[in-house]
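Here is the structure we will look at, set down as structure tokens.
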Amino acid sequence: MLRDQNADVLILLEVDDGSIRNRFRSQVKKFAKRLKHTHFYSALKYHPKSIWKYLIYFKKQHDAVLSKIKGEYKAHYIKSGMKKLVQEFTVNGISIFTVHMGVLSKTIRQMQFGEIANILKKCPRPFILCGDFNIHKGLDELKEFINQTGLKRIEMSPTFPSHKPKRYLDLFFISPGIEIKDFGIVKSEVSDHLPVWITI
């Protein structure tokens, strides 16, 4: 399914980087090799000092970037929530930020939105923000964040659950200076979320 998309840059959330449940093999490296994305990066989605990094089923849960083009990778960690990683991949003068936000608490998500907004404000380049925002209370959760950042949300269709999508969880935002040529959703049930894509 990923090969069929022929993407220059792939963002993967919740990949196993070599835990016992994946027989100590890295899905990140396996995907990169099979897809021939010569540049790949990943980081633990929990804070490096978190207790989660020591627990057997959590310590290898990563988010990842795979790219055909060489870029610069940076892992930011916010303070709020359990999943704290904000990936930043800079390529061809554009930064791509990726998040995977908390599921249970709207209050925690709003705190995370504030911290993410502060990271984005420091970016000197045009940028894209994407990921699983877990806004189970609906798109109204985004209002304050959009007001803070001035970002434009790409009007995707619902992506969750993949067999009968009803919720808008997997989103793209763009800053001024990014021009969208096309966008869409991949009809696939290999995950419980439908993959989303954009062309800039």
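Any read-out appearing in this document is the output of simple, stated calculations on the displayed coordinates, not a laboratory observation. All values derive from a computational prediction rather than experimental measurement. We place every Cβ from the backbone using ideal geometry, glycine too, and count neighbours over all the protein chains shown.
Worth a mention:
- Descending semi-axes in whole angstrom, ellipsoid equivalent of the chain, from the Cα gyration tensor: 23, 21, 18
- Placing unit charges on the Cβ atoms only, positive for Lys and Arg and negative for Asp and Glu, gives the chain a dipole magnitude near 700 debye about its Cα centre.
- Largest mean-square fluctuation among Val99, Val190, Val91, in a Gaussian network model of the chain whose springs join Cα atoms under 10 Å apart, belongs to Val190.
- Dipole axis of the chain (+1 Lys, Arg; -1 Asp, Glu on Cβ), positive-most option in Gln27, Gly102, His136: Gln27
- Dimensions (Å) - the stretch 85-200, Cα atoms, principal axes, largest first: 39, 33, 22
- Residues in the stretch 94-99 carry Karplus couplings, in order, of 10, 9, 10, 9, 10, 10 Hz; the curve used is 6.51 cos²θ - 1.76 cosθ + 1.60 with θ = phi - 60°, and Gly or Pro positions show x.
- Nearest-0.05 FRET efficiency for Ile20 and Ile51, computed from C-beta distance (R0 30 Å): 0.95
- Given their separation in residues at 0.36 nm each and the Cα-Cα distance between them, Ile69 and Gln5 gain 21.5 nm when the chain is fully extended.
- Among Thr199, Thr149, sorting on how many other beta-carbon atoms sit within 10 Å of each Cβ, with the fewest leading, yields Thr199, Thr149.
- Secondary structure note: in the stretch 67-185, about 75% of the DSSP beta bridges are antiparallel.
- Counting DSSP beta bridges with both ends in the chain, the antiparallel % (nearest 5): 85 percent
- For the chain, modelled as a GNM whose springs connect Cα atoms under 10 angstrom apart, the maximal fluctuation among Tyr41, Tyr73, Tyr54 occurs at Tyr54.
- Unit charges at the beta carbon, dipole of the chain: most positive-side option, Ser80, Gly184, Ile119: Ser80
- Sequence-separation-based contact order of the chain, relative, with Cα cut under 8 Å and 6+ spacing, percent: 13 percent
- Within the same chain, lysines fewer than 8 places from Lys33 are excluded, and of the rest, those with a Cα less than 29 Å from its Cα are Lys45, Lys53, Lys59, Lys60, Lys68, Lys70, Lys74, Lys83, Lys84, Lys181, Lys187.
- Residue order, fewest to most beta carbons within 10 Å, for Lys70, Lys84: Lys70, Lys84
- Residue order, fewest to most surrounding Cβ atoms within 10 angstrom, among Lys83, Lys137: Lys137, Lys83
- Size-normalised alpha-carbon gyration radius of the stretch 1-113, reference 2.2 N^0.38 Å: 1.09
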